[in-house]
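Written below as structure tokens is the structure these notes are about.
The values are calculated or read from the model by the stated rules, or taken from the named source; none is laboratory data. What you see is a predicted model, and the numbers here were worked out from it, not measured in a lab. All Cβ positions, glycine included, derive from the backbone under ideal geometry; neighbour counts span all protein chains shown. Remember, those area values only see protein heavy atoms, side chains included, never the ligands or the DNA or RNA. Shrake-Rupley method; radii C 1.70, N 1.55, O 1.52, S 1.80 Å.
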Amino acid sequence: MNQIEQNGSQYYKRIIVALVLGWVAIWIYRTILTPIYPQIQSSLGDVSNAEIGLIASVYFFAYTGMQIPAGILVDKFGQKNVLIPAFIGFAIGAVVLGTASSLPQVYLGSLISGIATGSYYGSAYSLSAKHVPKDKKTFANAIINSGSAVGMIIGLVGSSVLVGGLNVEWNWMLYGTALIILGVTFVFYKNIKSDKKAAPVENTENAEATSADVVTNPQSEVSLFSAKHITVYFTYFAVCYGYYMIVTWLPSFLVAEKGFAQSDVGYVSALVAVAGIPGALIFARLIDKRQQDRLKYILLLLLVSAVMIGLTVYSPSPWVLYLALIIYGLMGKLAIDPVLITYVSDSVPEQKTAKALGLFNFFGMASSVVAPWLTGYIGDVTGSQVLAFYIGSVLLLAAAVFFFFVIYLRSGKETPAH
């Protein structure tokens, strides 16, 4: 039994490492282009900001559209059998984009990559929900999520230095990313077991945690479209809207409206990701220890995020801007994500976890389709992206209000699923 427990413990740790690397690869791809939009515009001809914003929107449209089908595929074939082909396709998409000489080919590469990575979310967090012990779930999800911050830092700083500073052709960034993706695919192959092979080595601690974490009443048909779940979906929509607006357009916003040099914007934008790693880990550890207070923490994080996005636009000096970005990183999406993921997985039976997470991410990521294009469009029409940033702030405030009335005030009338 001790050997079984040890094998199970080592397995969930290997899963965490592999999933961190998966997010690193995905977020290198997602952010590597944003600091160098001017170079891409120059190489592709005279294209508008809205057309450039569509690069990210096409990717996220495909990514979002794959969430529900991916949940079905994972249920049928297992996480490993979905992840490996998907990441091979992801590498192909990066190469297609890297070889692009026209805007339609750029969109095609983004489309392929979005479809391929659309399977990742449900696969990753259903693996963690199944194999990670209960008292480590939120912290483990925060560690996994931190891979996105690491990838964001590498993508933003790497492309700013190599392309903006050293004049490396932007296409080479995509070829390097494709190699990283293939390396991560090999890690998946070596470290993630099929469901049939993984079952015998699950540790007893995790088996107990799993049964305690989910809704276990077989007569209870938990609706994935209850008022509570719809509110969580809208909350994640607002969280993602502000974050992907910042990820996509903050570098250009800093250059055009705050007077930053292009070679510096990657470093400034990366403040969000740098601060996000300790912020996510600190809040996750705190919430694992004080699960009875997690709804309060969610409300606090939503309100602070809304204020910091507004302050980013309003900031009268660079130092206020830096402070707003750091606090947003500490208490923004990267801190909110693992709490909401654990909350959603705890609110449904185990057999519905992948579907619930797929729906959760579908509605959240729907904002990532809208935000890049809408922000670019507002900039084209008004000559400024200030209004777009304020929209992100207002959405977070609205999410906090709905969360307070629909979930927080009713939480005392419900028995938590423990």
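Here is the result for the stretch 112-153: no trypsin sites (Lys or Arg not before Pro) lie in DSSP coil with at most 14 other C-beta atoms within 10 angstrom of their C-beta. When the solvent-accessible area of the stretch 308-399 is split by element, carbon and sulfur atoms take up 75 percent of it, the probe being 1.4 Å. Computed from Cα positions, the angle between helix 204-213 and the longest principal axis of the chain comes to roughly 80 degrees. Taking Cα atoms only, the orientation of helix 170-191 departs from the longest principal axis of the chain by about 10 degrees.
Karplus-derived 3J(HN,Hα) values for the stretch 319-336, using 6.51 cos²θ - 1.76 cosθ + 1.60 with θ = phi - 60°, are 5, 5, 4, 4, 4, 4, 5, 5, 5, 4, x, 5, 10, x, 4, 5, 7, 6 Hz; glycine and proline are entered as x.
Counting charges near residue 386 (Lys, Arg +1; Asp, Glu -1) among other residues having Cβ under 12 Å from its Cβ returns a value of 0.
Each part reduced to its alpha carbon centroid, the stretch 278-325 and the stretch 383-414 end up 14 Å apart. Springs join every pair of Cα atoms under 10 Å in this Gaussian network model of the chain, and among 19, 311, 357 the largest mean-square fluctuation is at 311.
Net charge dipole, the chain: roughly 800 debye, given to the nearest 20, about the Cα centre with Cβ charges of +1 for Lys and Arg and -1 for Asp and Glu.
Using a probe of 1.4 angstrom and keeping all protein chains present, the accessible surface of the stretch 270-401 works out to 36 square angstrom per residue.
Using the rule -39500 (n - 2.57) for each DSSP H run of four or more residues, divided by the residues of the chain, the 222 nm mean residue ellipticity is -26500 deg cm²/dmol. Positive-end ranking of 330, 83, 113 along the dipole of the chain, with charges on Cβ about the Cα centre, is headed by 83. Using a probe radius of 1.4 angstrom, the carbon and sulfur fraction of the accessible surface of the stretch 61-100 is 76%. Compute the separation of the alpha-carbon centres of the stretch 118-189 and the stretch 353-372 and state it in Å as a whole number. If you average the Cα positions of each part, the centres end up 18 Å apart. Taken one residue at a time, the phi angles of the stretch 242-253 give Karplus couplings (6.51, -1.76, 1.60, θ = phi - 60°) of x, 5, 6, 5, 5, 4, 7, 10, 4, x, 5, 4 Hz. Gly and Pro are set to x. The angle separating the long axis of helix 49-65 from the principal Cα axis of greatest extent in the chain is about 20 degrees.
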